Amino acid sequence: MQTLTDPRALLDPNLPFNEAAVNLLDRVVAAMFLSNDSVERDVAHRVLGEFKNMPNAWTHVAFILNVSKDPNTKFFALQILEATITTRWNVLPETERNGIKAFVTSLVIQLAGDEEKQNTEKHFINKVNENLIEIVKREWPERWPSFIPEICRSCRSSQNLCENNLRILNMLSEEVFDYAFLRNHRETIVEPYDRNTNKTTCIDTLKLLVAISGAGHDETFQICLDFWFSFAETLLHEVHQEAKVLRLSCLLMQKRQEQRNAEGPLLLSVEPEGSLSPAELSWRVKAYGEVLNEVRGVLINRMAKPQEVYIQFDQETGEVTRDYEVDTAEVSLYNTMRCTQVLLTNLGQMETQRLMLSVLHMEVRGAACSSSTHTGACSSTWS
């Protein structure tokens, strides 16, 4: 095997990029990180920077990852790929974009599914995840509509892969899933599956979002909360629309019956929605019943504290005054959670009641002794 010694050989497009080139790259990377010679470090830094900016550098990434044994070199290869995705993605031909997408996806599955690598190469796996996220930000949902179903299906492969997928979605929540995005693209997550009757995949997706909501990351929870508020609000609007249509239909039938001087009692009430539950008025409320229950459980356990009122007594004047806590982020969060819980209660009053009684029963028995759980249950019940 030919041995390359001049770092500038990496910048020559006429030379083949083979194992000798990867070995040279290892030495240049090592020089940048480990050399005590400042001149040598500067040369290595300059060469690596120019190599990273070469138009075809990204085509060597797979070969570098396969041949190199140096973690720093492998990480540098992922930086090359990330730079290509972030700066040149839309100018790459579709076949090359699909190739990169397939490569990164396969690499994520390969690394995340290996328990040993999960423990020893966390930093490297996280960088691969970041590459995937950069692709998703540019492809989903228009050019990669199947991303959410694919990541849900892959969760069934192994626990390690499922945990990594949750990390990816958590990272995505910070990069992509802001409130406006979820609200404007709700049809991408839910409605296409309604139209295609692919309810199982849709429900799996929503359950994954429930798991993220209860993961304990405050900023992520607030983003998810905005989505659940919008989701519940839309479902309740559909229930009211169905009830309105049903009421108008019954009024029309009553009018026709009166015109015909029909005898006997009416078969339908003028306001039948009073005796029908939201699940009976909307098939979607029924289909998402389990998901809505899980969301209710998350809100009950995580309910923020309401605004506190302080009673003050002036001993000199005998006057009693009430002071309210200033409008903090906690109070704002409570108001949003309370509104969401009200919507969910309207979508299933008995389900909410059973869930609250179950939580309070656990409190009485001492099964849920966490102070945060106790506070959340009390605040939720009081609301």
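Rule-based calculations on the coordinates, nothing more; no lab input. Remember, it's a predicted structure, so these values are computed and weren't measured experimentally. FYI the Cβ positions are ideal-geometry reconstructions off the backbone, even for glycines, and counts take in every protein chain you see.
Miscellaneous remarks
- Filter on Lys207/Lys244; Lys52/Lys122; Lys52/Lys127; Lys74/Lys101; Lys101/Lys127; Lys244/Lys286 - keep pairs with C-alpha separation over 21 Å: Lys207/Lys244; Lys52/Lys122
- q = 0.09, 0.18, 0.20 Å⁻¹, the range 7-173: log10 I(q)/I(0) [Debye, one scatterer per Cα]: -0.34, -1.15, -1.32
- Cβ-based exposure ranking for Ile125, Ile109, in which fewest neighbours within 10 Å come first: Ile109, Ile125
- Cα-based Rg / Dmax (Å) for the range 30-116: 14.8, 44
- As a rough footprinting exposure proxy, the listed residues Thr84, Thr95, Thr345, Thr120 were ranked by other beta carbons within 10 Å of their own, and the order from fewest upward is Thr95, Thr120, Thr345, Thr84.
- Ordering Pro71, Ala31, Val128 by the projection of their Cα atoms onto the charge dipole of the range 7-173, which places +1 on the Cβ of Lys and Arg and -1 on the Cβ of Asp and Glu, puts Val128 at the extreme positive end.
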